[in-house]
Structures are given as structure tokens and as C-alpha cells.
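The values are calculated or read from the model by the stated rules, or taken from the named source; none is laboratory data. Quick caveat, the model's predicted, so the values are computed rather than measured. Here the Cβ positions follow ideal geometry from the backbone for every residue, glycine too, while neighbour counts run over all protein chains shown. What goes into the accessible areas is simple: the full protein's heavy atoms, side chains included, and nothing from ligands, DNA or RNA. Shrake-Rupley method; radii C 1.70, N 1.55, O 1.52, S 1.80 Å.
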Amino acid sequence: MADVALSTHGLTKRYGKATAVDGVNITVRHGEIYGFLGPNGAGKTTTLRMVLGLVRPSAGTAEVLGRAPGDPAGLARIGAMVESAAFYPYLSARDNLEVLARHANVPRPRVADVLTTVGLAARAGDRFASYSLGMKQRLGVAAALLKDPELLILDEPTNGLDPFGMADMNDLISRLGHEGKTVLLSSHNLAEVQQICDHVGVIFKGKLVAQSTVDELRGSAVLVISATPIEQAEKYLVGLVGREKVSVERDMIRVNVDGHESASINRQLVLAGVEVHELRREERSLEEAFMAMSATYAGTRGGSDAR
């Protein structure tokens, strides 16, 4: 498919009797930020290594920008940071990137461009060893951007950062996405994924258990209504949206809704002679959806893999 930047089909990696990745099928489309979500040890990094050609799969295939993993023509269009950023500690950020630029045949002026993009221009002359963890992660992203890649693969880029560093990194990734980059972001940070990603793939114990938009994964919002007479309100709502979407808990009616139906439902209840005392919208966070999925998956597989 022309709009697909990366796809895997039954991608599997075994180490002896242990299966790290088990038949994973993911699809990343051009121009989107795709969140590859799962607990530590779920198989995210191993999957990324296979996609980049760093690890040979035990079974299955992958296609990246129309090429096989590790194909030089494909790698020339990919930027990646897998696990922690590694550079020469006693060279400056600028010198480290210039070494990489010469190796990748990237014009030298590009170094200054990417340092500006990640906000390190003012500290470009400082040694890598003097950098904070957040600055090191930023330099790793700068290195991944050197070739002005079509596809950017980032493995836990906010790992170990403080809240301010995480916010800065998320802003940077979001900006890159808005500028047209395709980003595959591996993370176990649910708030991060909910904030910046378009589509999500969820992996547990090496198996992809869900793949959808963030909104689809979170599910429908719930409208919580306090009204009198409650029996009349319930009957009217059942007729309006269907029995399967309406439930009563104590003195409150809960209605599963799509889109922005709150104002319309409130207006129609009032017109039907129902007195509405309270109406509020509750939306499940990605974390709540993930934890529910984790509990279900652990129940069927005999324990959680989070570690």
C-alpha cells in the first residue's frame, strides 16, 4: 500500500526456548506518529531492532519504506535512536554529530540545523560527558535527524527524564510529526502516547494485542446524568440511544455516547419534561484502557509481564 511506511507480518524472535516477539503485525502509515506501547520487557525494543535489520527474525517479514530491514537504500531514509544515546564522552555535541555526518555523507551545515531543532545550539560546544540525561536524549534525537529522514524510530526517548524534560521531548516529537515526519515511538509512558500519538499498537509478552487509534482504544465517553423522575429519564434515554448504552447506578444514569452528544441529550430531556440536576462527561484515559487490557490479558495468559 502506497500510504504505508512500515509493516510487519508475523514477525517473531526466539532466543532458545524463550519467545521475545511472537507473530507481530503492525502497520505505520506515512505522516503519523505511531505509539508502540507496552510494559518493560514486552518485546518493543526487539521488534524495533528487527525492523532496523539489527537483529535477524526467527520468522515473519517486515517492510520499511518499501525495503527489507537493513537494506542500505532504506536505512538512508531512516533515523533511529534505539535504547540510550551513545556518543564519544570527551567530544562536544557538535563534534560528535560531525563524525556521524561524515560517516553518513551528510553536509556539514546540517549539524547546526539539527542542534537548533532539538534546542542544543547554545550548548553545542560542551562535551557530551557534561550533558544532563535530558540533553543526551536530545542529542540522540539530533543524530537520528541528521539525514533528514522520512521515518524516525525512537525507543523510549523520555526514559529517565524529569517531568520538564519529558514535556520538552514530547513537544519536540509532536512538532516533528506536524512537520510531516513519520514517527514510530516506543514507550511505556501512557500519558505521553495519549498526548502525541495518532495510532497505537499494544504489545504484551511479545504479542500484539491491540492496534487502533488512541480514541478507539479509549472507547466511548460516558455521560453521567442526575435527573427526576429518574424512571422517565431512563425510559426516554433508552428510546433515544438504545438499551445497551444506558445503565442506572444508584441515583445516576450512565449513557455511553459518541462525539459531542451532551448538549443535545440535555436539551431533549428537558423538552421531554425531565428535570436535569447534573450532567457531566467522563472519558476513559489511555492508562485506564491499558490497565483494563493488561488485566484481561494477564487473566488469559497467567500473569503480567510488566517489569
- Query: When the chain is fully extended, how far beyond the present Cα-Cα distance does Asp3 get from Asp171, taking 0.36 nm per residue of separation?
  - Reply: 58.0 nm
- Task: Let me know the shape class of the stretch 72-117, please: from the alpha-carbon gyration tensor, a ≥ b ≥ c as square roots of the eigenvalues, rounded when a/c is under 1.5, otherwise prolate if a/b is greater than b/c, or oblate.
- Result: oblate
- Note on the structure: Non-local residues with an amide H under 5 Å from the amide H of Val55, with H modelled 1.01 Å from N and Pro and chain starts lacking one, are Met50
- Message: Can you work out the Karplus-derived ³J(HN,Hα) for every residue in the stretch 187-203? Use 6.51 cos²θ - 1.76 cosθ + 1.60 with θ = phi - 60°, whole Hz, and x for glycine or proline.
- Response: 7, 10, 8, 5, 5, 4, 5, 4, 6, 10, 9, 8, 10, 9, x, 10, 10
- Enumerate lysine pairs in the chain that are 8 or more residues apart or on different chains, then count those whose Cα atoms are under 23 Å apart. 14
- Message: Show me the trypsin sites (Lys or Arg not before Pro) within the stretch 195-257 that DSSP assigns to loop and that have at most 16 other Cβ atoms within 10 Å of their Cβ.
- Response: Arg250
- Query: Label-point separation (nm) for Ala129 and Asn25, each offset 7 Å from Cα along Cα-to-Cβ?
  - Reply: 5.1 nm
- Item | GNM flexibility winner over the chain from Gly43, Gly70, Gly201 (Cα, springs under 10 Å) | Gly70
- Relative contact order, percent, the chain [alpha-carbon distance under 8 Å, six or more residues apart]: 20 percent
- At R0 = 22 Å the Cβ-Cβ FRET efficiency linking Arg102 and Glu179, nearest 0.05, sits at 0.30
- In the full protein assembly as shown, how much of Asp22 is accessible to a 1.4 Å probe, in Å² to the nearest 10? 50 Å²
- Task: At 1.4 Å probe size, with no ligands or nucleic acids counted, give the accessible surface of His188 in Å², nearest ten.
- Result: 70 Å²
- Under the rule of -39500 (n - 2.57) per DSSP H run of 4 or more residues, summed and divided by the residues of the chain, what mean residue ellipticity at 222 nm is obtained, to the nearest 500 deg cm²/dmol? -10500 deg cm²/dmol
- Message: Please compute the modelled spin-label separation between Glu244 and His277, points set 7 Å along Cα→Cβ, answer in nm with one decimal.
- Response: 3.2 nm
- Accessible area expressed per residue, the stretch 129-273, with surrounding protein chains retained (probe 1.4 Å, Å²): 45 Å²
- With only Lys, Arg, Asp and Glu charged, each at its Cβ (+1 for the first two, -1 for the last two), find how big the charge dipole of the chain is about the Cα centre; round to the nearest 20 debye. 1180 debye
- What do you get for Rg/Rh over the chain if you use C-alpha atoms and the Kirkwood form of Rh? 1.09
